[in-house]
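Worksheet for the structure shown next.
The values are calculated or read from the model by the stated rules, or taken from the named source; none is laboratory data. Please read these numbers as outputs of a predicted model, since none were measured by experiment. All Cβ positions, even for glycine, are placed from backbone atoms using ideal geometry, and neighbour counts span all protein chains on display.
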Amino acid sequence: MTQIKLENVVKIYKFGDHELKVLDNISIIIEKGEFVCIMGPSGSGKSTFMNIVGCLDTPTSGKYFFEGVDVSTFGLDELAEIRNKKIGFVFQQFNLLPKATALENVELPLIYAGISAKERKEKAFETLSWVGLKEKANVYPRQLSGGQQQRVAIARALVNNPAIILADEPTGNLDSKSSMEIMEIFKRLNEEQGLTTIIVTHEPDISSFGRRQIRFLDGKIVSDTKK
């Protein structure tokens, strides 16, 4: 099943009289269950691509189909609904609430989804356990290592059962050992649950985990290889 399809997508940012074309006529298809790594130097367009795929931004022109629906013309509320129900985000900076425990951080998306307190706690604890942190449920982010904080962030991204996971430089703030552990979690997630996984990285050893590598340069896709 085709999950993501971009057709001739262009993204232009305007600064006064100046225009900057960040994505230049991008067309791509990503099937359900793929593990894709997006590579490229700073300014190549990979993060803008990720923002469009994640419904955080919209194309200037071209079309974006998510699970067969053209979302490129959607308004802010419609895009927010897709993000909340269908997409799990993992960021380089973890973005955890410092005054909330690990369990409370994982519960957050379920609060927005209107899930009851009892069910929230059960689901959050189950997801924390899956990433190997059940004994850290009542610990605060400052008491966790970087790798553990990123595990909490992954659990938070998973707790709503998203259709895809988008991770932007998820190992950028981690040492090499923690980075490998985090990538093993993404790999297990993809293999065991069949979850479409898209990771932006500039590190070749991280991109090697993906079964497909797409490289951006100057707003264009310059290579697309599968293992």
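State whether the residues of the stretch 150-161 include one that is exposed (fewer than 15 other Cβ atoms within 10 Å of the Cβ), out of contact with any Ser or Thr (no Cβ under 8 Å at 6 or more places or on another chain) and not hydroxyl-bearing (S, T, Y).
yes
Of everything in the stretch 58-101, what is of a type in the set (G, A, S) and either surrounded by 17 or more Cβ atoms within 10 Å (Cβ to Cβ) or more than 30 Å from Q149 (Cα to Cα) (or both)? Give them in sequence order.
Correct list: S61, G62, G68, S72, G75, G88.
So, restricting to strands (runs of 3 or more DSSP E) that lie completely within the stretch 1-99, which ones have at least 2 residues that are over 20 Å from the mean Cα position of the chain (by Cα) and either of a type in the set (V, I, T) or on the phi > 0 side of the Ramachandran plot (or both)?
Where strands (runs of 3 or more DSSP E) fall fully within the stretch 1-99 and carry at least 2 residues being over 20 Å from the mean Cα position of the chain (by Cα) and either of a type in the set (V, I, T) or on the phi > 0 side of the Ramachandran plot (or both), they are 2-15.
Of all residues in the stretch 165-190, which are surrounded by 23 or more Cβ atoms within 10 Å (Cβ to Cβ) and in a strand (DSSP E or B)?
I165, L166, A167
With the structure loaded, tell me whether P41 is out of contact with any Gly (no Cβ under 8 Å at 6 or more places or on another chain), of a type outside the set (V, I, T), buried (at least 17 other Cβ atoms within 10 Å of the Cβ) and at pLDDT below 95 or whether it fails that test.
In short, no.
Taking Y13, is it more than 22 Å from R211 (Cβ to Cβ), aromatic (F, W, Y), touching a strand residue (DSSP E or B) at 6+ places or on another chain (Cβ under 8 Å) and buried (at least 21 other Cβ atoms within 10 Å of the Cβ)?
no
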